[in-house]
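See below for the structure under consideration.
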Amino acid sequence: MSTLLDNRMRTLQTVSNMDGSCTPSPPSSPSLHNESCNIAPLTPDQSPRSEHRMVRSSSFSVVVAIDFGTTSSGYAFSFSKDPEAIHMMRKWEGGDPGVANQKTPTSLLLTPDKGFHSFGYTARDFYHDLDPEEAREWLYFEKFKMRIHSTSDLTMMTELEAVNGKKVQAVVVFAHALRFFKEHAVKELRDQCPSLDPSESIRWVITVPAIWKQPAKQFMREASYLAGLVSPENPEQLLIALEPEAASIYCRKLRLHQLIDLSSKAFYNGFHAERSIDSSFRQAREQLRRSRHSRTFLVETGMGELWSEMQAGDRYIVVDCGGGTVDLTVHQIEQSQGTLKELYKASGGPYGAVGVDLAFEKMLCQIFSEDFIQTFKVKRPAAWVDLMIAFEARKRTAAPQRSNHLNISLPFSFIDFYKKNKGQNVETALRKSGVNFVKWSSQGMLRMSSEAMNELFQPTIQQIVQHIGDLMKKPDVKGIKYLFLVGGFAESPMLQNAVQTAFSDVCRVIIPQDVGLTILKGAVLFGLDPTIVRVRRSPLTYGVGVLNKFVEGKHPKEKLLVKEGKNWCTDIFDKFVSVDQSVALGDIVQRSYCPARLGQRKIIINIYCSSADDVVYITDPGVRKCGTINLELPDVDESDAKISRREIKASMQFGDTEIKVAAMDVKTSKTVRAAIDFLSN
């Protein structure tokens, strides 16, 4: 951080008791020399390590990254001795015709007694083949990642609902999925390297949207612990990677022939930019498909050709369009070494490809009635999954220039169930619905016009284009040279065309050939060098509540607290970091805490956050308790006359993908067990 923080002494408002409860506890003599009982906001470390890139030595022989997506997931790995080679996972069993199976559906199947059965294509196909009555007893989960983003009060007890309506603890569902990837990856690695010790040799990387808040990031970490990826005693073995950051890191390595330029300004990659986007992307996808007999991708040792053209100070946007969310990050190249600086806090929203699925479901409700669709989903859950698979296949072929109709097969059980419940056939329902752009085919299919499919895409695509446009208007985001479109949804010609039309006159719109695997490969590179993004922006304002000396005329009367003859102002917000503030790797914020009693074993301090910068009190509108700092203190010899007071110095780091805390007993120089908890509120 370039600016110095306020260096006044402040008094901690809530010092915990032995049982962990908190009571207002101002010191008896809060003078400047009595630092042990004050929160002392110290300036960030201004040593060279906070000014220059830190290179962390890695003792891990292999990095395994898991791209845990809303609709599909996969893993890739790289050996630290050969970082230019990224190895994709083995081909998955099953798969859909015409769809490359470098990833597998994020689908989990649990047995009726909630035991793990299968994941991915295997889970989906087994569930699809179950008898309808039997299927109602099995627990099938899909697209469940979105629940973590949409839950405002996420905790370890949050539950997820299976297709049949039964509920399971969310962290257990995620742990089952992560354990599956762990076992799959470890088996493959051991086949190549039998002596590999997965408990020590592997660094794991898990991807999450950059717009996820701290509780969701911690949730993924806790699920990883439960899955056995790493031990809580060795947290540095697991990294949380932000999806658009990972994509940005990978794009740095690409050669020109691995990129598709959709800009209207350029003659690029051997074809004029006005050439049909649909045909150009199809050509690139075919090249990629031909190369997939090899699962190893080689990346540049240094910078890719496009990055070599870029200069320090150049700015670009990464738009990560996934199944559930769209995630935008703005980066600036810092220097010749190519480290990256985040220019604006991550933004985005639930505008992923799932929105098109929801629009299709809404259309079905319009035709067949909402009550029937909801009943069918509960009574025939496997058939509903089958119907959505059929729609997914057609969704992938949708393109702006397409003129012919799209046929979507209706499962026989849908046709039969509708007739039994409504007393009429589906063809009659279609005719009566007034939905003119969908017809009934004699082959038992819904026959959608290209205009109808286009309408299903438009609400989601318009939200994405609107969000990108709003971001580009921000003062901090002026002068953008490139827009990188990545993520699984970026494979859609419908989305590509919309982004090209809206922004190709403003900046160069670039799509990597292997757009659906960009995040996965970038996550591997991030695991090999976590310091590549040197400066990030704080998504929120963070701080704690403190007591300050009460000043007449400045502080409101209702904040007055009289303690031992002293007048204190309660609830003052002591800011750690401001919203959208630049925070570099290595920058730390320090505070000193004093236990209320010499023999106290634990201090619990509440953390508050706000999306506003001008916070004065923890009771201000928009300020909420978002977590706790937990300090477990080592035993002291209370009979030792030399120890009259204890000072615990806590150091918090906001420049990483997760907020971290470390603490030390100043008197003894012993490490204090410290943790930040965002899931217990």
Exercise for the section: Pull up the cross-link candidates among the aspartates and glutamates for Lys559, meaning alpha carbon to alpha carbon under 19 Å and not fewer than 8 places away within one chain. Expected result: Asp571, Asp574, Asp614, Asp620
Handout entry: HN-Hα J in Hz across segment 582-588 - Karplus 6.51, -1.76, 1.60, θ = phi - 60°, x for Gly and Pro
Key = 6, 10, 8, 4, x, 6, 10
Practice task
Enumerate the aspartates and glutamates that Lys362 could reach by cross-link, defined here as Cα to Cα under 19 Å, with residues fewer than 8 away along the same chain left out.
Solution key: Glu142, Glu370, Asp371, Asp386, Glu392, Glu427, Glu451, Glu455
Handout entry: Sparsely packed trypsin sites (Lys or Arg not before Pro) within segment 434-476, loop by DSSP, other Cβ within 10 Å at most 13
Key = Lys473
Exercise for the section: Would you mind putting 162-171, 351-360 in packing order, based on average other-beta-carbon counts within 10 Å, highest first? Expected result: 351-360, 162-171
Completion exercise
Distance in nm between Gln458 and Glu133 label points, each 7 Å along Cα→Cβ, equals 4.6 nm
Handout entry: Shape call, segment 575-619: gyration tensor on alpha carbons, a/c limit 1.5
Key = oblate
Handout entry: Other-chain or far-sequence residues with amide H under 5 Å of Val205's (modelled H)
Key = Val64, Ala65, Ile66, Leu239
Problem - Relative contact order %, segment 569-658, counting alpha carbon pairs below 8 Å whose residues are six or more apart - result: 44 percent
Completion exercise
Under the Karplus relation with 6.51, -1.76 and 1.60 and θ = phi - 60°, whole-Hz ³J(HN,Hα) for segment 389-398, x at Gly and Pro, equal 5, 4, 5, 4, 4, 6, 4, 5, 8, 5
Exercise for the section: Show me 234-244, 366-376 ranked by packing, highest mean number of other Cβ atoms within 10 Å first. Expected result: 234-244, 366-376
Fill in the blank from the handout: Here FRET efficiency (C-beta to C-beta, Leu358 to Lys187, R₀ 35 Å, nearest 0.05) is 0.45
Completion exercise
If the label point sits 7 Å along Cα→Cβ of Lys625, residues of segment 599-616 with amide N under 19 Å come out as 602-611, 616
Exercise for the section: Please work out the C-alpha center-to-center distance from segment 450-495 to segment 542-610 and express it in whole Å. Expected result: 42 Å
Exercise for the section: Once you have a ≥ b ≥ c as the square roots of the Cα gyration tensor eigenvalues for segment 559-681, tell me rounded if a/c is under 1.5, and otherwise prolate or oblate according to whether a/b is larger than b/c. Expected result: oblate
Completion exercise
Under 5 Å from the placed amide H of Lys602, counting only residues 5+ away or on other chains, we find Leu633
Problem - Peptide ranges 184-197, 246-259 listed from the most packed, as the mean C-beta count within 10 angstrom indicates - result: 246-259, 184-197
Fill in the blank from the handout: Given backbone amide H placed at 1.01 Å from N, residues whose amide H is under 5 Å from that of Phe576, ignoring those fewer than 5 places away on the same chain, are Tyr542, Gly543, Val544
Practice task
Quick one: grab the alpha carbon gyration tensor of segment 463-550, order the square roots of its eigenvalues as a ≥ b ≥ c, and give me rounded if a/c is under 1.5, else prolate or oblate depending on whether a/b is larger than b/c.
Solution key: oblate
Exercise for the section: State the extension gain, in nm to one decimal, for the chain segment bounded by Gln401 and Asp197, taking 0.36 nm per residue of separation less the distance between their alpha-carbons. Expected result: 68.2 nm
Practice task
Just subtract the alpha-carbon distance of Met156 and Glu564 from 0.36 nm times their residue separation and send over the number in nm, one decimal.
Solution key: 142.8 nm
Exercise for the section: Could you pull out the pairs from Lys143/Lys345; Lys187/Lys602; Lys187/Lys217; Lys217/Lys554; Lys182/Lys660 whose alpha carbons sit more than 31 Å apart here? Expected result: Lys187/Lys602; Lys217/Lys554
Practice task
List, in order, the whole-Hz ³J(HN,Hα) value for each residue of segment 236-242 obtained from phi through the Karplus relation with A = 6.51, B = -1.76, C = 1.60 and θ = phi - 60°; use x for Gly and Pro.
Solution key: 5, 6, 10, 10, 9, 9, 8
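FYI, it's all coordinate maths here, none of it is from the lab. This is a predicted model, so every value here is computed, not measured. Please note: Cβ atoms are built from the backbone with ideal geometry, for glycine as well, and neighbour counts cover all protein chains shown.
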